[in-house]
Amino acid sequence: MALEGIVMEFRLWLQLAEAFGPINRWFCSEAFGQEINDPDLLLTYYIKSGGAADFARRYDQAMGRENRWFCSQFYDRDVRDPQTLWEYYTTHVPVRIWEKKTEYEQSDQAFAELSIAC
């Protein structure tokens with residue numbers, strides 16, 4: 001099997017694990033008001049609710065140049081293996097670090113609320 005096929009197989013495996021995993025199962029069940037175990041319904045919910053698009057964004061970041069550099073520094077060797085890059089990304093990169101700031105975070109309102117809490 002060509003390397004591209006192996007990488008795609010790994011990516012598909014990861015994405016299906018998320019779609020059928022406990023977090024998506026919980027959100028899907030909440031949306032339908034009952035426990036959902038049907039794989040077709042779970043996959044449909046995952047795609048329509050934005051899970052697939054979010055996965056694509058995170059996977060691209062995990063395989064990207066910046067994460068590859070940090071991962072290589074962490075392991076003190078050149079890392080290009082998708083599984084190692086994904087594991088590093090999901091283990092060591094804070095969730096919000098790759099995302100743009102929301103309008104709320106950019107506003108002074110966030111700081112005003114912090115000062116009230118102090």
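Brief remarks on what is shown
- Across the range 65-81, rounded Karplus estimates of 3J(HN,Hα) from the backbone phi angles (6.51 cos²θ - 1.76 cosθ + 1.60, θ = phi - 60°) give 4, 5, 5, 4, 5, 4, 5, 5, 5, 4, 8, 6, 6, 6, 10, 10, 5 Hz, Gly and Pro being marked x.
- Cα gyration tensor shape of the range 1-74, rounded if a/c is under 1.5, else prolate or oblate by comparing a/b with b/c: prolate
- In the complete set of protein chains, residue-level accessible area for ILE23 is approximately 120 Å², probe 1.4 angstrom.
- For the range 1-87, the list of GluC sites (Glu not before Pro) that fall in a loop by DSSP and count at most 14 other C-beta atoms within 10 angstrom reads GLU35.
- With every protein chain in place and a 1.4 angstrom probe, the accessible-area ranking of VAL79, VAL7, largest first, reads VAL7, VAL79.
- The HN-Hα couplings worked out from phi for the range 30-36 by the Karplus form 6.51 cos²θ - 1.76 cosθ + 1.60 (θ = phi - 60°) are 4, 5, 9, x, 7, 5, 10 Hz, whole numbers, x standing for Gly and Pro.
- Residues whose amide H falls under 5 Å from that of ILE36, counting only those 5 or more places apart or on a different chain, are SER29, with hydrogens built in the peptide plane.
The values are calculated or read from the model by the stated rules, or taken from the named source; none is laboratory data. No experiment lies behind these values; they were computed from the predicted model shown. Reconstructed Cβ throughout: ideal geometry from the backbone, glycine too, with neighbour counts over all protein chains shown. Heavy atoms of the whole protein, side chains included, go into the accessibility calculation; ligands, DNA and RNA do not. Shrake-Rupley method; radii C 1.70, N 1.55, O 1.52, S 1.80 Å.
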